[in-house]
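The values are calculated or read from the model by the stated rules, or taken from the named source; none is laboratory data. Given the structure is predicted, the values throughout are model-derived calculations rather than measurements. Note that we place each Cβ from the backbone using ideal geometry, even for glycine, and neighbour counts take in every protein chain shown. These area figures cover heavy atoms from the full protein model, side chains too; ligands, DNA and RNA do not enter into them. Shrake-Rupley method; radii C 1.70, N 1.55, O 1.52, S 1.80 Å.
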Amino acid sequence: MTLQTELEELRQHARASLLKATDERVLNELRVSVVGKKGALTAILKNMKELTVDEKKEIGQLANQFRDEFARKVEEKKAALEAAAMNAALASETLDVTLPGTARKIGTRHVLTQTQEELEDIFIGMGYTVVEGNEVETDYYNFERVNLPKNHPARDMQDSFYITDELLLRTHTSGMQARTMETHDFTKGDLRMISPGAVYRRDTDDATHSHQFHQLEGMVIGAHVSMADLKGTLEVVIQKMFGADRKIRLRPSYFPFTEPSVEVDVSCFKCGGAGCNVCKQTGWIEILGAGMTHPNVIDASGVDSRRYQGFAFGIGLERIAMLKYGITDIRGFYQGDVRFLEQFGK
Ligand code: PHE
(Lines give C-alpha, C1' and ligand atoms only; values in the text may rest on other atoms or scores of the structure.)
Protein backbone atom coordinates (compact mmCIF):
# COMPACT_ATOMS: atom_id res chain seq x y z
CA MET A 1 0.00 0.00 0.00
CA THR A 2 1.39 3.38 -0.94
CA LEU A 3 1.66 6.17 1.57
CA GLN A 4 -0.88 8.10 -0.49
CA THR A 5 -3.38 5.34 0.03
CA GLU A 6 -2.58 5.13 3.71
CA LEU A 7 -3.08 8.86 4.02
CA GLU A 8 -6.35 8.66 2.14
CA GLU A 9 -7.53 5.88 4.46
CA LEU A 10 -6.58 7.90 7.48
CA ARG A 11 -8.56 10.82 6.04
CA GLN A 12 -11.62 8.61 5.57
CA HIS A 13 -11.27 7.16 9.05
CA ALA A 14 -10.86 10.65 10.55
CA ARG A 15 -13.92 11.97 8.75
CA ALA A 16 -16.10 9.06 9.83
CA SER A 17 -14.88 9.27 13.43
CA LEU A 18 -15.48 13.03 13.50
CA LEU A 19 -19.09 12.47 12.50
CA LYS A 20 -19.54 9.97 15.31
CA ALA A 21 -17.82 12.02 18.05
CA THR A 22 -20.52 12.88 20.58
CA ASP A 23 -18.60 14.88 23.16
CA GLU A 24 -15.42 16.84 23.65
CA ARG A 25 -13.57 14.05 25.39
CA VAL A 26 -14.10 11.65 22.47
CA LEU A 27 -13.16 14.43 20.07
CA ASN A 28 -9.92 15.09 21.89
CA GLU A 29 -9.00 11.41 21.95
CA LEU A 30 -9.62 11.27 18.21
CA ARG A 31 -7.40 14.31 17.63
CA VAL A 32 -4.54 12.77 19.62
CA SER A 33 -4.89 9.39 17.88
CA VAL A 34 -4.75 11.04 14.44
CA VAL A 35 -2.30 13.92 14.65
CA GLY A 36 -0.72 13.44 18.10
CA LYS A 37 3.01 12.66 18.49
CA LYS A 38 2.32 8.95 18.62
CA GLY A 39 -0.67 9.20 16.32
CA ALA A 40 -1.53 7.58 12.99
CA LEU A 41 -0.17 10.42 10.85
CA THR A 42 3.24 10.30 12.55
CA ALA A 43 3.30 6.55 12.02
CA ILE A 44 2.62 6.93 8.30
CA LEU A 45 5.20 9.65 7.85
CA LYS A 46 7.87 7.54 9.53
CA ASN A 47 7.99 5.52 6.34
CA MET A 48 8.93 8.54 4.20
CA LYS A 49 12.65 7.71 4.51
CA GLU A 50 12.43 5.20 1.68
CA LEU A 51 10.85 7.69 -0.72
CA THR A 52 12.45 9.79 -3.44
CA VAL A 53 12.80 13.52 -2.98
CA ASP A 54 9.84 14.21 -5.24
CA GLU A 55 7.68 11.65 -3.51
CA LYS A 56 8.64 13.09 -0.13
CA LYS A 57 7.59 16.50 -1.37
CA GLU A 58 4.24 15.19 -2.55
CA ILE A 59 3.51 13.25 0.62
CA GLY A 60 4.65 16.18 2.72
CA GLN A 61 2.20 18.45 0.96
CA LEU A 62 -0.64 15.94 1.31
CA ALA A 63 0.17 15.44 4.98
CA ASN A 64 0.17 19.21 5.67
CA GLN A 65 -3.05 19.63 3.77
CA PHE A 66 -4.61 16.84 5.77
CA ARG A 67 -3.32 18.24 9.07
CA ASP A 68 -4.82 21.68 8.35
CA GLU A 69 -8.08 20.27 7.13
CA PHE A 70 -8.35 17.95 10.12
CA ALA A 71 -7.55 20.73 12.59
CA ARG A 72 -10.27 22.89 11.04
CA LYS A 73 -12.80 20.06 11.15
CA VAL A 74 -11.98 19.33 14.79
CA GLU A 75 -12.56 23.02 15.67
CA GLU A 76 -15.85 23.02 13.77
CA LYS A 77 -16.98 19.87 15.50
CA LYS A 78 -15.96 21.29 18.86
CA ALA A 79 -18.00 24.44 18.26
CA ALA A 80 -20.97 22.35 17.15
CA LEU A 81 -20.77 20.18 20.28
CA GLU A 82 -20.61 23.26 22.52
CA ALA A 83 -23.61 24.81 20.83
CA ALA A 84 -25.55 21.58 21.17
CA ALA A 85 -24.68 21.33 24.86
CA MET A 86 -25.79 24.93 25.39
CA ASN A 87 -29.09 24.33 23.60
CA ALA A 88 -29.73 21.19 25.61
CA ALA A 89 -29.05 23.08 28.84
CA LEU A 90 -31.34 25.90 27.82
CA ALA A 91 -34.09 23.47 26.97
CA SER A 92 -33.83 21.46 30.17
CA GLU A 93 -33.36 24.40 32.52
CA THR A 94 -36.17 26.62 31.28
CA LEU A 95 -37.90 28.54 34.00
CA ASP A 96 -41.52 29.44 33.40
CA VAL A 97 -41.84 32.80 35.10
CA THR A 98 -45.52 32.95 34.25
CA LEU A 99 -46.37 30.13 36.70
CA PRO A 100 -48.36 31.45 39.67
CA GLY A 101 -46.15 31.72 42.77
CA THR A 102 -46.88 30.86 46.38
CA ALA A 103 -48.52 33.94 47.84
CA ARG A 104 -46.96 35.01 51.11
CA LYS A 105 -49.28 36.63 53.63
CA ILE A 106 -47.70 39.68 55.16
CA GLY A 107 -49.11 40.79 58.47
CA THR A 108 -49.86 44.32 59.58
CA ARG A 109 -49.21 46.24 62.72
CA HIS A 110 -51.88 45.50 65.29
CA VAL A 111 -54.57 48.15 65.38
CA LEU A 112 -53.74 48.89 69.04
CA THR A 113 -50.08 49.32 68.18
CA GLN A 114 -51.08 51.67 65.40
CA THR A 115 -53.28 53.67 67.77
CA GLN A 116 -50.51 53.82 70.37
CA GLU A 117 -47.93 54.94 67.81
CA GLU A 118 -50.26 57.56 66.40
CA LEU A 119 -50.72 59.04 69.88
CA GLU A 120 -47.00 58.79 70.61
CA ASP A 121 -46.23 60.72 67.42
CA ILE A 122 -48.61 63.50 68.43
CA PHE A 123 -47.14 63.79 71.93
CA ILE A 124 -43.53 63.53 70.79
CA GLY A 125 -44.33 66.41 68.45
CA MET A 126 -45.31 68.43 71.53
CA GLY A 127 -42.06 67.68 73.35
CA TYR A 128 -43.11 64.68 75.43
CA THR A 129 -40.80 61.78 76.22
CA VAL A 130 -42.11 58.21 75.92
CA VAL A 131 -41.35 56.22 79.09
CA GLU A 132 -41.80 52.48 79.40
CA GLY A 133 -43.13 50.95 82.57
CA ASN A 134 -43.38 47.44 83.97
CA GLU A 135 -46.62 45.50 83.98
CA VAL A 136 -45.71 43.95 87.30
CA GLU A 137 -45.82 46.84 89.76
CA THR A 138 -45.57 47.27 93.49
CA ASP A 139 -48.61 48.15 95.57
CA TYR A 140 -46.54 51.13 96.68
CA TYR A 141 -46.25 52.74 93.21
CA ASN A 142 -49.54 51.49 91.80
CA PHE A 143 -51.57 52.79 94.75
CA GLU A 144 -49.84 54.44 97.69
CA ARG A 145 -47.69 56.86 95.74
CA VAL A 146 -50.67 58.07 93.73
CA ASN A 147 -52.63 58.93 96.86
CA LEU A 148 -54.43 55.63 97.29
CA PRO A 149 -53.30 54.46 100.73
CA LYS A 150 -54.12 50.96 101.95
CA ASN A 151 -57.84 50.57 102.64
CA HIS A 152 -58.71 53.56 100.47
CA PRO A 153 -62.19 52.83 99.10
CA ALA A 154 -61.23 53.88 95.56
CA ARG A 155 -59.02 50.78 95.39
CA ASP A 156 -62.21 48.80 94.94
CA MET A 157 -62.67 50.20 91.43
CA GLN A 158 -59.33 48.71 90.50
CA ASP A 159 -59.28 45.26 92.01
CA SER A 160 -56.46 43.31 90.44
CA PHE A 161 -54.29 40.23 90.23
CA TYR A 162 -51.91 40.07 93.17
CA ILE A 163 -48.68 38.13 92.96
CA THR A 164 -47.87 38.80 96.61
CA ASP A 165 -49.49 41.26 99.02
CA GLU A 166 -47.10 43.93 97.77
CA LEU A 167 -46.77 42.95 94.12
CA LEU A 168 -49.49 43.02 91.50
CA LEU A 169 -50.28 43.33 87.82
CA ARG A 170 -50.68 47.10 87.59
CA THR A 171 -54.24 48.35 87.42
CA HIS A 172 -53.36 51.54 85.56
CA THR A 173 -50.31 53.26 84.14
CA SER A 174 -50.53 56.00 86.80
CA GLY A 175 -47.69 54.48 88.84
CA MET A 176 -45.46 55.92 86.15
CA GLN A 177 -46.43 59.41 87.31
CA ALA A 178 -44.62 58.77 90.58
CA ARG A 179 -41.72 56.90 88.97
CA THR A 180 -40.93 59.63 86.44
CA MET A 181 -41.53 62.56 88.80
CA GLU A 182 -39.10 61.29 91.41
CA THR A 183 -36.27 60.93 88.89
CA HIS A 184 -36.91 64.09 86.87
CA ASP A 185 -34.46 66.95 87.22
CA PHE A 186 -36.74 70.00 87.41
CA THR A 187 -33.83 72.42 87.11
CA LYS A 188 -33.59 71.24 83.50
CA GLY A 189 -37.20 72.12 82.70
CA ASP A 190 -40.72 70.76 82.88
CA LEU A 191 -41.52 67.07 83.08
CA ARG A 192 -43.47 66.05 80.02
CA MET A 193 -43.98 62.34 79.62
CA ILE A 194 -46.30 59.73 78.27
CA SER A 195 -46.19 56.07 79.23
CA PRO A 196 -48.19 53.50 77.27
CA GLY A 197 -48.73 49.86 78.14
CA ALA A 198 -50.88 46.98 79.31
CA VAL A 199 -52.88 47.16 82.56
CA TYR A 200 -54.96 44.55 84.37
CA ARG A 201 -58.19 44.48 86.32
CA ARG A 202 -60.29 41.77 87.80
CA ASP A 203 -63.08 42.25 85.28
CA THR A 204 -65.45 39.84 83.64
CA ASP A 205 -64.75 40.00 79.91
CA ASP A 206 -67.60 41.24 77.76
CA ALA A 207 -68.00 43.47 74.71
CA THR A 208 -66.57 46.51 76.48
CA HIS A 209 -64.50 45.02 79.33
CA SER A 210 -61.34 42.99 79.34
CA HIS A 211 -59.18 41.83 82.25
CA GLN A 212 -56.22 43.16 80.29
CA PHE A 213 -56.32 46.38 78.31
CA HIS A 214 -54.03 49.25 77.42
CA GLN A 215 -53.61 52.78 78.63
CA LEU A 216 -51.48 55.74 77.76
CA GLU A 217 -50.58 57.79 80.79
CA GLY A 218 -49.55 61.39 80.38
CA MET A 219 -48.12 63.93 82.79
CA VAL A 220 -46.81 67.48 82.67
CA ILE A 221 -45.32 69.06 85.80
CA GLY A 222 -43.61 72.43 85.94
CA ALA A 223 -43.59 75.81 87.61
CA HIS A 224 -46.26 77.31 85.39
CA VAL A 225 -48.55 74.52 84.27
CA SER A 226 -52.25 75.28 84.53
CA MET A 227 -55.59 73.64 83.88
CA ALA A 228 -55.83 75.73 80.70
CA ASP A 229 -52.73 73.84 79.48
CA LEU A 230 -54.46 70.55 80.21
CA LYS A 231 -57.53 71.58 78.25
CA GLY A 232 -55.54 73.00 75.35
CA THR A 233 -53.30 69.94 75.15
CA LEU A 234 -56.17 67.47 75.13
CA GLU A 235 -58.06 69.52 72.55
CA VAL A 236 -55.08 69.42 70.17
CA VAL A 237 -54.56 65.69 70.67
CA ILE A 238 -58.22 64.81 70.23
CA GLN A 239 -58.56 66.95 67.13
CA LYS A 240 -55.50 65.30 65.63
CA MET A 241 -56.95 61.87 66.36
CA PHE A 242 -60.59 62.50 65.50
CA GLY A 243 -60.74 65.49 63.17
CA ALA A 244 -60.13 69.24 63.30
CA ASP A 245 -63.74 70.21 64.05
CA ARG A 246 -64.08 68.10 67.19
CA LYS A 247 -64.87 69.96 70.39
CA ILE A 248 -64.11 68.75 73.89
CA ARG A 249 -65.88 69.27 77.16
CA LEU A 250 -64.68 68.67 80.70
CA ARG A 251 -67.00 67.25 83.36
CA PRO A 252 -66.17 67.09 87.06
CA SER A 253 -65.07 63.64 88.18
CA TYR A 254 -63.02 61.96 90.87
CA PHE A 255 -59.59 60.35 90.90
CA PRO A 256 -57.51 60.18 94.08
CA PHE A 257 -54.39 61.43 92.28
CA THR A 258 -55.91 64.53 90.67
CA GLU A 259 -57.72 67.51 92.14
CA PRO A 260 -59.78 68.74 90.46
CA SER A 261 -60.48 65.69 88.34
CA VAL A 262 -62.31 65.68 85.04
CA GLU A 263 -63.86 63.32 82.61
CA VAL A 264 -63.20 64.48 79.06
CA ASP A 265 -65.82 64.12 76.34
CA VAL A 266 -65.42 64.65 72.62
CA SER A 267 -68.22 65.91 70.40
CA CYS A 268 -69.63 62.95 68.50
CA PHE A 269 -67.76 62.39 65.25
CA LYS A 270 -70.65 60.49 63.72
CA CYS A 271 -73.51 62.94 64.19
CA GLY A 272 -71.48 66.05 64.99
CA GLY A 273 -73.44 66.57 68.21
CA ALA A 274 -77.04 66.12 67.06
CA GLY A 275 -77.39 62.74 68.80
CA CYS A 276 -77.06 59.25 67.36
CA ASN A 277 -76.46 55.64 68.39
CA VAL A 278 -72.69 56.13 68.79
CA CYS A 279 -73.08 58.93 71.35
CA LYS A 280 -76.24 57.43 72.85
CA GLN A 281 -78.21 60.49 71.72
CA THR A 282 -76.13 62.85 73.90
CA GLY A 283 -73.90 64.36 71.21
CA TRP A 284 -70.84 63.62 73.38
CA ILE A 285 -68.56 60.63 73.81
CA GLU A 286 -66.58 60.06 77.01
CA ILE A 287 -62.98 59.58 76.05
CA LEU A 288 -60.54 59.87 78.95
CA GLY A 289 -59.90 60.79 82.57
CA ALA A 290 -57.64 63.64 83.63
CA GLY A 291 -57.04 66.31 86.22
CA MET A 292 -54.60 68.58 88.01
CA THR A 293 -52.07 66.44 89.84
CA HIS A 294 -52.89 66.19 93.54
CA PRO A 295 -50.31 67.96 95.73
CA ASN A 296 -49.95 64.78 97.80
CA VAL A 297 -48.70 62.94 94.70
CA ILE A 298 -46.18 65.68 93.92
CA ASP A 299 -44.91 65.92 97.49
CA ALA A 300 -44.64 62.13 97.82
CA SER A 301 -42.22 62.18 94.87
CA GLY A 302 -39.94 64.58 96.71
CA VAL A 303 -41.05 67.57 94.65
CA ASP A 304 -42.35 70.74 96.30
CA SER A 305 -46.02 71.08 95.36
CA ARG A 306 -45.96 74.78 96.23
CA ARG A 307 -43.45 75.38 93.45
CA TYR A 308 -44.47 72.79 90.90
CA GLN A 309 -47.79 71.68 89.72
CA GLY A 310 -49.30 70.18 86.60
CA PHE A 311 -51.71 67.75 85.11
CA ALA A 312 -52.09 64.08 84.26
CA PHE A 313 -54.37 62.10 82.03
CA GLY A 314 -55.07 58.48 81.27
CA ILE A 315 -56.23 57.40 77.83
CA GLY A 316 -57.69 53.96 77.15
CA LEU A 317 -56.16 52.78 73.89
CA GLU A 318 -58.87 50.22 73.18
CA ARG A 319 -61.52 52.87 73.68
CA ILE A 320 -59.81 55.26 71.26
CA ALA A 321 -59.39 52.52 68.64
CA MET A 322 -62.98 51.32 69.07
CA LEU A 323 -64.32 54.82 68.58
CA LYS A 324 -62.01 55.64 65.72
CA TYR A 325 -62.64 52.45 63.75
CA GLY A 326 -66.19 51.65 64.86
CA ILE A 327 -65.16 48.43 66.64
CA THR A 328 -68.02 47.13 68.76
CA ASP A 329 -66.43 44.24 70.66
CA ILE A 330 -63.21 44.72 72.63
CA ARG A 331 -62.46 40.98 72.46
CA GLY A 332 -61.63 41.35 68.76
CA PHE A 333 -58.32 42.97 69.73
CA TYR A 334 -57.05 39.89 71.50
CA GLN A 335 -58.36 36.92 69.54
CA GLY A 336 -55.80 37.09 66.75
CA ASP A 337 -58.43 36.52 64.08
CA VAL A 338 -56.83 37.54 60.80
CA ARG A 339 -60.19 38.60 59.37
CA PHE A 340 -60.45 41.17 62.14
CA LEU A 341 -56.82 42.27 62.11
CA GLU A 342 -56.36 42.66 58.38
CA GLN A 343 -59.09 45.29 58.22
CA PHE A 344 -56.69 47.71 59.84
CA GLY A 345 -53.72 46.99 57.59
CA LYS A 346 -51.70 50.01 56.72
N1 PHE B 1 -55.56 56.03 86.18
C2 PHE B 1 -56.91 56.42 85.84
C3 PHE B 1 -57.70 55.16 85.50
O4 PHE B 1 -57.12 54.16 85.20
C5 PHE B 1 -56.94 57.37 84.67
C6 PHE B 1 -56.33 58.68 85.00
C7 PHE B 1 -54.98 58.91 84.78
C8 PHE B 1 -57.09 59.72 85.50
C9 PHE B 1 -54.42 60.14 85.06
C10 PHE B 1 -56.55 60.94 85.77
C11 PHE B 1 -55.21 61.14 85.57
O12 PHE B 1 -58.91 55.17 85.51
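Of the accessible area of the chain, with the probe set at 1.4 angstrom, what percent is carbon plus sulfur?
Working: 10380 of 19810 Å².
Carbon plus sulfur share of accessible area: 52 percent.
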Can you tell me the Rg and the Dmax, both Å, for the Cα atoms in the chain? 44.7, 134
For segment 324-346 and segment 36-113, what is the separation of their Cα centres, given in Å? 65
Under 5 Å between amide H atoms, partner at least 5 residues away or on a different chain: which partners does W284 have, H built in plane at 1.01 Å? C268
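Percent relative contact order of segment 49-198, based on C-alpha pairs within less than 8 angstrom and at least six residues apart? Mind showing how you got there, number by number?
Values: 93 pairs, mean separation 34.9, N = 150.
Normalised by residue count, the contact order of segment 49-198 is 23 percent.
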Compute the helix-to-body angle for 24-35: its Cα long axis versus the longest principal axis of the chain, expressed 0 to 90° and rounded to tens. 20
What's the magnitude of the charge dipole for the chain around its Cα centre, counting Lys and Arg as +1 and Asp and Glu as -1 at the beta-carbon? Answer in Debye, nearest 20. 1020
For a quick check of your reading of the filter: which GluC sites (Glu not before Pro) in segment 140-234 sit in a DSSP loop and have no more than 14 other Cβ atoms within 10 Å? E166, E182
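Would you please put 63-72, 188-197, 47-56 in order of how densely packed they are, using the mean number of other Cβ atoms within 10 angstrom per residue and starting with the highest? Mind showing how you got there, number by number?
Details: 63-72: 13.9, 188-197: 19.1, 47-56: 10.7.
The packing order, highest mean first, is 188-197, 63-72, 47-56.
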Estimated dipole of segment 33-110 in Debye, rounded to 20 [Cβ of Lys and Arg +1, of Asp and Glu -1, Cα centre]: 540
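Kindly identify segment 30-84 as rounded, prolate or oblate by the Cα gyration tensor criterion: order the square roots of the eigenvalues as a ≥ b ≥ c, call it rounded if a/c is under 1.5, otherwise compare a/b with b/c, prolate if a/b is larger, else oblate. The partial results should precede the final answer.
On the way: a/c = 6.48, a/b = 2.27, b/c = 2.86.
Oblate is the answer for segment 30-84, as a/c is 1.5 or above yet b/c matches or exceeds a/b.
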Less than 14 Å from a label point 7 Å out along the Cα-to-Cβ axis of V130: which backbone N atoms in segment 186-204 qualify, by residue? 193-198
Tilt of helix 3-20 relative to the longest C-alpha principal axis of the chain, in degrees (0 to 90, nearest 10)? 20
Rounded to the angstrom and largest first, Cα extents along the principal axes for segment 1-144 equal 126, 32, 29
Using only Cα positions of segment 251-346, each an equal point scatterer, no hydration layer, compute I(q)/I(0) via Debye at q = 0.10, 0.19, 0.25 Å⁻¹ and quote the log10 values to two decimals. -0.43, -0.92, -1.18
Angle between the chain longest axis and helix 53-92 axis [Cα atoms, degrees, rounded to 10]: 20
